[in-house]
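Here the structure is laid out as structure tokens; the discussion comes afterwards.
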Amino acid sequence: EAGVTQFPSHSVIEKGQTVTLRCDPISGHDNLYWYRRVMGKEIKFLLHFVKESKQDESGMPNNRFLAERTGGTYSTLKVQPAELEDSGVYFCASSPWVRGTEAFFGQGTRLTVV
Amino acid sequence: GDSVTQMEGPVTLSEEAFLTINCTYTATGYPSLFWYVQYPGEGLQLLLKATKADDKGSNKGFEATYRKETTSFHLEKGSVQVSDSAVYFCALSKAVNGANSKLTFGKGITLSVRP
């Protein structure tokens, strides 16, 4: 069974540009999460989808970030325009609907804004 | 809000040494507690978990006990190996409306084990 897949693995963009990160969860997982780790700090929650609906977006830092989950399958996280402080590793995770089950993480996308 | 505090790192140990990584939490209600590990070049993997007080999670020789009285979930291993070199994250989660909810992580600690 394929795991959680994230694209790209690395991205280097200039300040002011737009970047779109993609996450393909494990097939059949209703829950999809986005997290971010800024260098040396905690992994912080950004957003939680249940199928195609946003369940909790309390961690989204500002309106430069837009997340979508088309048809309840893959998800994209767009940053527009990117700022220097957006640099970090963006993780995606998915889990089944059943309470208490493990969240499976992707390898992350390392975003560097220069 | 909820939070997780891990001991400061990095930690460097010799092979076969005893490992303890401290983790304490602040949360209302009854969170589930987790240790995740990130090996070099890989994503986060669940190492072990405990869902209620006094539960002990264990995997790959690692253990952690959910201590509600001290709000702690310290990770231990009796004899570390070079292959245990990784970043370790303590985390908590609370169900919301009976469903899975977000994880709250600590800062992570890098463990290096030398031969």
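The values are calculated or read from the model by the stated rules, or taken from the named source; none is laboratory data. As the structure is a prediction and not an experimental result, all values here were calculated from the model. Using ideal geometry, Cβ is built from the backbone for each residue, glycine included, and neighbour counts are taken over all protein chains shown. Please note that ligands, DNA and RNA were not included when accessible areas were found on the heavy atoms of the full protein model with its side chains. Shrake-Rupley method; radii C 1.70, N 1.55, O 1.52, S 1.80 Å.
Restrict the check to region A:46-58 and report whether at least one residue is small (G, A, S) and within 14 Å of chain B (Cβ to nearest Cβ).
Taking region A:46-58 and keeping what is small (G, A, S), we get A:53, A:58.
Pick out the ones that are also within 14 Å of chain B (Cβ to nearest Cβ) and you get A:53, A:58.
Taking every residue of region A:46-58 in turn, at least one turns out to be small (G, A, S) and within 14 Å of chain B (Cβ to nearest Cβ).
Failed condition for B:G43, given (1) free of Cβ contacts under 8 Å to residues at least 24 places away in the same chain; (2) within 24 Å of A:R37 (Cα to Cα); (3) open to solvent by 60 Å² or more (accessible area, probe 1.4 Å), with all others met?
Status for B:G43: all satisfied but (3).
For B:E16, are the conditions met, namely being more than 20 Å from A:F105 (Cα to Cα) and open to solvent by 60 Å² or more (accessible area, probe 1.4 Å)?
It is true that B:E16 is more than 20 Å from A:F105 (Cα to Cα) and open to solvent by 60 Å² or more (accessible area, probe 1.4 Å).
I need the strands (runs of 3 or more DSSP E) fully contained in region A:1-77, keeping only those with at least 1 residues that are under 18 Å from A:G106 (Cβ atoms) and touching a residue at least 24 places away in the same chain (Cβ under 8 Å).
Working: elements: A:5-7, A:10-13, A:19-24, A:31-37, A:43-50, A:53-56, A:65-69.
Strands (runs of 3 or more DSSP E) meeting the threshold: A:5-7, A:10-13, A:19-24, A:31-37, A:43-50, A:65-69.
If you go through region B:19-35 one residue at a time, how many are surrounded by 16 or more Cβ atoms within 10 Å (Cβ to Cβ) and within 13 Å of another protein chain (Cβ to nearest Cβ)?
7
Out of all the residues in region A:80-108, which are surrounded by 22 or more Cβ atoms within 10 Å (Cβ to Cβ) and more than 11 Å from chain B (Cβ to nearest Cβ)?
Passing the criteria: A:A82, A:Y90.
For B:T51, which of the numbered conditions (1) on the phi < 0 side of the Ramachandran plot; (2) of a type outside the set (A, V, I, L, M); (3) open to solvent by 50 Å² or more (accessible area, probe 1.4 Å); (4) more than 12 Å from every other protein chain (Cβ to nearest Cβ) fails to hold?
Single failed check for B:T51: (4).
Scan region B:13-21 and tell me whether some residue there is part of a strand (DSSP E or B) and more than 18 Å from B:V80 (Cα to Cα).
no
State whether one or more residues within region B:72-93 are open to solvent by 40 Å² or more (accessible area, probe 1.4 Å) and within 14 Å of chain A (Cβ to nearest Cβ).
Within region B:72-93, not a single residue is open to solvent by 40 Å² or more (accessible area, probe 1.4 Å) and within 14 Å of chain A (Cβ to nearest Cβ).
If you scan region A:1-36, which residues turn out to be over 11 Å from the mean Cα position of the chain (by Cα), of a type in the set (D, E, K, R) and surrounded by 15 or more Cβ atoms within 10 Å (Cβ to Cβ)?
A:D30
Regarding B:Q38, is this residue of a type outside the set (A, V, I, L, M, F, W, C), within 14 Å of another protein chain (Cβ to nearest Cβ), within 22 Å of A:S94 (Cα to Cα) and open to solvent by 40 Å² or more (accessible area, probe 1.4 Å)?
Details: of a type outside the set (A, V, I, L, M, F, W, C): yes; within 14 Å of another protein chain (Cβ to nearest Cβ): yes; within 22 Å of A:S94 (Cα to Cα): yes; open to solvent by 40 Å² or more (accessible area, probe 1.4 Å): no.
No.
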